[in-house]
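Here is the structure we will look at.
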Amino acid sequence: FIITDLLYPVPPQEILGHVLHSTIRAIIFCPWSAAEAEPDWDGQVELRDCESNEKRLYQFTQARRDRFRASYRRHFNLWDEACAGRGVALTRLGEDGSLLDCLMKSALPIGAVEMAQG
């Protein structure tokens, strides 16, 4: 299994390579945040790259925010399409509740995890 935010600037096929084209069972757990998917940025906003720690100022208008949201949705739709039908279970784990709650809500229904009988 893989734990990643999937925020890479290249197509899913390049990242996963042979995993998407093999018969092995792969599971991707992707942390997800509503604030990241639907930001409410307005005006001048300082954003920090979490990997390089570099900070940059951006000016956000409604139109720019809408473009960001559409791009974000498109990016994750590409991941969904790349994983569908290839034995790769992709589940996005939200920020609400415990890890167990998130797994029960999003991972269990798609078979990415199973309930232990005991």
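Odds and ends about this structure:
- Residues being touching a residue at least 12 places away in the same chain (Cβ under 8 Å), open to solvent by 70 Å² or more (accessible area, probe 1.4 Å) and not in a loop (DSSP other than H, G, I, E, B) - total across region 1-30: 3
- Residue count for region 59-118 satisfying the condition of being part of a helix (DSSP H, G or I), among the acidic types (Asp, Glu) and over 23 Å from VAL19 (Cα atoms): 2.
- Residue within region 56-64 that is small (Gly, Ala, Ser), at pLDDT 90 or above, under 20 Å from PRO11 (Cα atoms) and open to solvent by less than 80 Å² (accessible area, probe 1.4 Å) present: no
- Verdict on ASP96 being in contact with a helix residue (DSSP H, G or I) (Cβ under 8 Å, 6 or more places away or on another chain) and without any contact (Cβ under 8 Å) to a residue 12 or more places away in the chain: yes
- If the condition is being under 23 Å from PRO12 (Cα atoms), hydrophobic (A, V, I, L, M, F, W, C) and open to solvent by less than 60 Å² (accessible area, probe 1.4 Å), then region 65-102 contributes ALA70, PHE76, TRP79, ALA82, CYS83, VAL88, ALA89, LEU90, LEU93.
- Residues that are touching a residue at least 12 places away in the same chain (Cβ under 8 Å) and either under 19 Å from the mean Cα position of the chain (by Cα) or in a loop (DSSP other than H, G, I, E, B) (or both) within region 41-58 comprise TRP41, ASP42, listed in sequence order.
- Search result, residues across region 15-34 that are of a type outside the set (S, T, N, Q) and either more than 16 Å from the chain's Cα centre (by Cα) or under 19 Å from THR61 (Cβ atoms) (or both): GLY17, HIS18, VAL19, LEU20, HIS21, ILE24, ARG25
- Residue in region 26-37 that is β-branched (Val, Ile, Thr) and within 28 Å of LEU108 (Cα to Cα) present: yes
- Residue in region 31-40 that is farthest from GLU81 (Cα to Cα), counting only those that are assigned to a loop (DSSP other than H, G, I, E, B), without any contact (Cβ under 8 Å) to a residue 40 or more places away in the chain and open to solvent by 30 Å² or more (accessible area, probe 1.4 Å): ASP40
The values are calculated or read from the model by the stated rules, or taken from the named source; none is laboratory data. Since the structure is predicted, the reported quantities are computational estimates derived from the model, not experimental observations. Don't worry about glycine lacking a Cβ; one is built from the backbone with ideal geometry, like all the others, and counts go over all protein chains shown. With ligands, DNA and RNA removed, areas are computed over all heavy atoms of the protein, side chains included. Shrake-Rupley method; radii C 1.70, N 1.55, O 1.52, S 1.80 Å.
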